[in-house]
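What follows is a single structure, written as structure tokens, with notes after it.
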There are 2 protein chains.
Amino acid sequence: MTDLHQGATLWFTGLPSAGKTTLAHALGKRLTEAGYDRVEVLDGDVAREHLTKGLGFTREDRDENVRRIGWVAEILSRNGVVVLCSVISPYRAVRDELRARHESEGRRGRFIEIYVATPVEVCAERDVKGLYARKTSGDLATPLTGIDDPYEPPLAAEITVPTHQQTIDESVEQLWQALRP
Amino acid sequence: MTDLHQGATLWFTGLPSAGKTTLAHALGKRLTEAGYDRVEVLDGDVAREHLTKGLGFTREDRDENVRRIGWVAEILSRNGVVVLCSVISPYRAVRDELRARHESEGRRGRFIEIYVATPVEVCAERDVKGLYARKTSGDLATPLTGIDDPYEPPLAAEITVPTHQQTIDESVEQLWQALRP
């Protein structure tokens with residue numbers, strides 16, 4: 001696959017509590033330990049503080065959120081950084097748009113889509129942020145992806161990670177094996 | 001001064017039409033020619049398309065605009081990129097906030113403030129985007145920095161460039177001499 005030393009965007013997409021952020025940080029650590037000295041995790045929730053405060057959860061706002069993170073990832077990756085983005089990014093069209101933008105500079109393979117394919121039942125069970133519980137109890141006013149808001153899975157992700165069928169370490173190992181040159 | 005090869009944010013502040021973007025691009029080119037392979041110009045106007053669409057020109061919105069660009073610059077510069085930011089950034093407090101954030105990771109000198117100190121009369125004469133003329137004719141509804149909106153010059157910029165007293169080449173040479181290790 002792509003030589004990560006040239007910079008790349010690893011785009012983790014999936015439902016809330018699928019394990020995107022956990023895997024992004026774990027893989028980032030592994031990359032750093034392996035000697036990659038330019039590694040950044042861009043977390044969708046953190047970005048909402050710094051880049052997209054004020055945006056809501058309509059399709060339009062979600063897409064704008066994804067575009068902004070994608071724009072930053074593009075600049076970083078073309079400067080040799082391995083950027084691990086953990087963002088629900090529920091809509092296929094905008095993910096494909098990011099891929100096209102990344103590759104428009106003639107650098108195929110610089111956008112790597114990683115589908116964290118945890119089924120919604122398992123995500124709801126994990127419920128790291130308590131969002132599924134709040135949705136069930138009627139306490140969450142905003143729409144929740146996978147429950148009452150769409151999630152469009154990738155049709156041709158470079159890597160699909162079944163986190164419900166393996167441990168975190170096994171998932172990281174899977175990613176590592178798939179990504180290393 | 002700072003070793004730019006370690007990454008740094010060069011923050012060009014000044015009035016509209018002061019010459020910030022021109023100098024940022026010219027210095028960026030000079031850096032690239034000198035062998036720096038990670039150089040990015042972040043232009044305030046471009047950022048308004050990608051990062052800050054929807055923000056206006058109140059103090060609050062201007063500060064948020066500056067903070068977002070600063071956040072991106074911080075990530076880039078800590079990954080070894082020389083980031084040249086050309087942003088009016090009229091308020092001193094938020095510029096100082098960016099400096100503090102950049103230096104909070106124990107890397108003094110990573111935020112370099114460049115005051116493009118062109119007087120308002122000269123800026124209005126150049127009027128690259130026609131903003132001063134529109135303001136005079138009453139055609140510009142939003143406040144214009146330096147005319148009916150404040151600009152707070154830096155009190156201790158690392159470099160002050162008097163573009164009204166020298167050519168563009170001389171200004172770039174001044175910056176180059178001040179910045180090279």
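The values are calculated or read from the model by the stated rules, or taken from the named source; none is laboratory data. As the structure is a prediction and not an experimental result, all values here were calculated from the model. Every residue, glycine as well, gets a Cβ built from its backbone with ideal geometry; the counts of neighbours run over all protein chains shown.
Go through (1) under 27 Å from A:ALA93 (Cα atoms); (2) surrounded by 13 or more Cβ atoms within 10 Å (Cβ to Cβ) one by one and return the number of the condition A:LEU155 breaks.
With respect to (1) under 27 Å from A:ALA93 (Cα atoms); (2) surrounded by 13 or more Cβ atoms within 10 Å (Cβ to Cβ), A:LEU155 is out only on (2).
If you scan segment B:114-126, which residues turn out to be small (Gly, Ala, Ser) and part of a loop (DSSP other than H, G, I, E, B)?
Just the residues of segment B:114-126 that are small (Gly, Ala, Ser), to begin with: B:117, B:124.
Answer for segment B:114-126, where residues must be small (Gly, Ala, Ser) and part of a loop (DSSP other than H, G, I, E, B): just B:ALA117.
Out of segment A:1-20, which residues are in a strand (DSSP E or B), within 14 Å of another protein chain (Cβ to nearest Cβ) and aliphatic (A, V, I, L, M)? Quick ask: steps written out before the conclusion?
Residues of segment A:1-20 that are in a strand (DSSP E or B), as a first pass: A:8-13.
Checking which are within 14 Å of another protein chain (Cβ to nearest Cβ) leaves us with A:8-9.
Within segment A:1-20, A:ALA8 is the sole residue that qualifies.
What helices (runs of 4 or more DSSP H), lying completely within segment B:21-113, carry at least 3 residues that are buried (at least 19 other Cβ atoms within 10 Å of the Cβ), without any contact (Cβ under 8 Å) to a residue 60 or more places away in the chain and within 14 Å of chain A (Cβ to nearest Cβ)?
B:59-78
When you scan segment B:103-118, do you find a residue that is of a type in the set (Asp, Glu) and modelled with pLDDT of 95 or more, even just one? Break it down into steps so the answer makes sense when it comes.
We begin by selecting, within segment B:103-118, every residue of a type in the set (Asp, Glu); these are B:103, B:105, B:113.
Checking which are modelled with pLDDT of 95 or more leaves us with B:113.
Scanning segment B:103-118, I find at least one residue that is of a type in the set (Asp, Glu) and modelled with pLDDT of 95 or more, so the answer is yes.
Would you mind stating whether B:PRO181 is in contact with an Asp or Glu (Cβ under 6 Å, 6 or more places away or on another chain), surrounded by fewer than 16 Cβ atoms within 10 Å (Cβ to Cβ) and either in contact (Cβ under 8 Å) with a residue 40 or more places away in the chain or not small (Gly, Ala, Ser) (or both)? Show your work before the answer.
Values: in contact with an Asp or Glu (Cβ under 6 Å, 6 or more places away or on another chain): yes; surrounded by fewer than 16 Cβ atoms within 10 Å (Cβ to Cβ): yes; either in contact (Cβ under 8 Å) with a residue 40 or more places away in the chain or not small (Gly, Ala, Ser) (or both): yes.
When the stated conditions are applied, B:PRO181 passes them.
Considering segment A:87-113 alone, what residues qualify as being within 12 Å of A:TRP11 (Cα to Cα) and basic (Lys, Arg)?
Those that are within 12 Å of A:TRP11 (Cα to Cα) and basic (Lys, Arg): A:ARG95, A:ARG99, A:ARG110.
If you go through segment B:79-117, how many residues are among the charged types (D, E, K, R) and touching a strand residue (DSSP E or B) at 6+ places or on another chain (Cβ under 7 Å)? Show your work before the answer.
At the first step, the residues of segment B:79-117 found to be among the charged types (D, E, K, R) are B:92, B:95-97, B:99, B:101, B:103, B:105, B:107-108, B:110, B:113.
Next, from what is left, pick out any that are touching a strand residue (DSSP E or B) at 6+ places or on another chain (Cβ under 7 Å): B:95, B:99, B:103, B:110, B:113.
Number of matching residues: 5.
Looking at A:PRO154, A:PRO181, which is the one that is more than 24 Å from A:GLU125 (Cα to Cα) and of a type outside the set (Lys, Arg)?
Values: A:PRO154 fails: more than 24 Å from A:GLU125 (Cα to Cα).
After applying the criteria, what remains is A:PRO181.
Could you pull out the residue among B:ALA8, B:ALA73 that is over 30 Å from A:ASP61 (Cα atoms) and at pLDDT 90 or above? Full working, then the answer.
Numbers: B:ALA73 fails: over 30 Å from A:ASP61 (Cα atoms).
Of the residues listed, the single one that is over 30 Å from A:ASP61 (Cα atoms) and at pLDDT 90 or above is B:ALA8.
For (1) over 24 Å from B:SER171 (Cα atoms); (2) at pLDDT below 95, each residue gets a yes or a no:
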site: B:LEU98; (1), (2): yes, no
site: B:LYS129; (1), (2): no, yes
site: B:ASP139; (1), (2): yes, yes
site: B:THR145; (1), (2): no, no
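Do we find a residue being charged (D, E, K, R), farther than 20 Å from B:ARG62 by Cα, touching a strand residue (DSSP E or B) at 6+ places or on another chain (Cβ under 6 Å) and in a loop (DSSP other than H, G, I, E, B) anywhere in segment B:137-152? Let's see the steps before the verdict.
First pass over segment B:137-152, keeping only residues charged (D, E, K, R): B:139, B:148-149, B:152.
Among the residues that remain, those that are also farther than 20 Å from B:ARG62 by Cα are: B:139.
After this cut, where a residue has to be touching a strand residue (DSSP E or B) at 6+ places or on another chain (Cβ under 6 Å) as well, the list is none.
Checking segment B:137-152: not a single residue is charged (D, E, K, R), farther than 20 Å from B:ARG62 by Cα, touching a strand residue (DSSP E or B) at 6+ places or on another chain (Cβ under 6 Å) and in a loop (DSSP other than H, G, I, E, B).
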